[in-house]
Amino acid sequence: MADIRNIVILTGAGVSAESGIDTFRDAGGLWEKHRVEDVATPEGFARNPDMVLGFYDMRRAAIQTKQPNAAHEALARLDELWGGELLIVTQNVDDLHERAGARRVLHMHGTHLNAWCTACDVRSPWTGPLIDRPPCPACGTNALRPDVVWFGEMPYEMERIYASIRRADLFVSIGTSGAVYPAAGFVRDARELGVRTLELNLERSQGSHWFHESRQGPATQLVPTWVEETLTGLGG
Ligand SMILES: [Zn+2]
């Protein structure tokens with residue numbers, strides 16, 4: 001694997017799970033007693049904005065009490081030391097990759113720590129609640145919503161992600177279920193382009209058979225091992 005230069009890494013809930021961040025998938029579609037269609041769709045927000053804003057206020061407060069784990073730290077180390085292209089495409093809406101020190105991170109599903117103004121389209125860093133309808137820092141309108149991509153909405157920066165996959169020598173999927181599209185399709189795009197593919201996940205995912213190699217175990221064990229292999233030229 002000495003010829004690997006450009007790497008695209010897709011991360012999902014399995015990377016943050018060991019930091020104590022759960023998702024709707026952990027509880028059979030019930031997410032802290034809420035139905036996904038009520039709290040993670042534009043229709044749910046239109047029906048009951050107070051409930052949705054309150055739910056995300058709770059999530060936003062909760063992630064700020066969590067800490068990056070060994071998987072986040074290993075990926076930050078790879079980001080720091082890897083001389084080739086590297087892009088960490090995360091489906092996670094927490095900021096644990098960044099707090100571990102990673103810089104080359106793309107949040108395809110948005111982030112809890114932004115507020116998005118639906119009046120002026122500006123995204124502002126945000127750590128507090130939104131339920132009291134605070135004014136947008138940019139335009140003053142009281143029209144902020146969570147900057148999180150809901151079901152039925154288009155993930156962010158898809159063109160940039162596909163461009164990175166086209167240039168990649170290695171695609172690595174870490175801690176994702178292989179069930180949520182379009183991210184679940186990246187491995188097939190990579191395969192068709194002749195990119196080497198590796199999965200690191202707690203269990204074989206729905207898309208495991210698409211990968212050249214699949215390793216099973218906790219992210220905090222698999223990721224540091226793979227990062228060291230890669231930095232010493234043994235990985236792949
Ligand atoms: Zn605004």
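The values are calculated or read from the model by the stated rules, or taken from the named source; none is laboratory data. Keep in mind that this is a model prediction, so the values were computed, not measured. Virtual Cβ from ideal backbone geometry, glycine too; neighbours counted across all protein chains shown. Accessible surface is based on the protein model in full, side chains and every heavy atom, while ligands, DNA and RNA are left aside. Shrake-Rupley method; radii C 1.70, N 1.55, O 1.52, S 1.80 Å.
Quick one: angle between helix 158-167 and the longest Cα principal axis of the chain, in degrees between 0 and 90, rounded to 10, please.
10 degrees
Through the Karplus equation 6.51 cos²θ - 1.76 cosθ + 1.60, θ set to phi - 60°, convert the phi angles of segment 60-65 into ³J(HN,Hα) values in whole Hz; use x for Gly and Pro.
With coefficients 6.51, -1.76 and 1.60, one gets 4, 5, 5, 5, 6, 9 Hz.
Efficiency by 1/(1 + (r/R0)^6): what FRET value for ILE4 and LEU202, r their Cβ-Cβ distance, R0 = 22 Å, to the nearest 0.05?
0.35
When only the heavy atoms of the protein chains count and the probe is 1.4 Å, how do MET58, MET154 rank by accessible area, highest first?
Of MET58, MET154, the descending order of accessible area is MET154, MET58.
If you count the DSSP beta bridges with both ends in the chain, what percent of them are antiparallel, to the nearest 5?
Counting only bridges with both partners in the chain, antiparallel ones make up about 30 percent.
What is the extension gain from MET158 to GLN64, computed as 0.36 nm multiplied by their sequence separation minus the C-alpha to C-alpha distance, in nm to one decimal?
Full-extension gain reported as 31.1 nm.
Where does the chain land at 222 nm, in deg cm²/dmol rounded to the nearest 500, when only DSSP H runs of n ≥ 4 count, each adding -39500 (n - 2.57), divided by all residues?
-9000 deg cm²/dmol
Grab the Cα-Cα distance for ALA138 and ARG35, subtract it from 0.36 nm times how many residues apart they are, and report the gain in nm with one decimal.
33.8 nm
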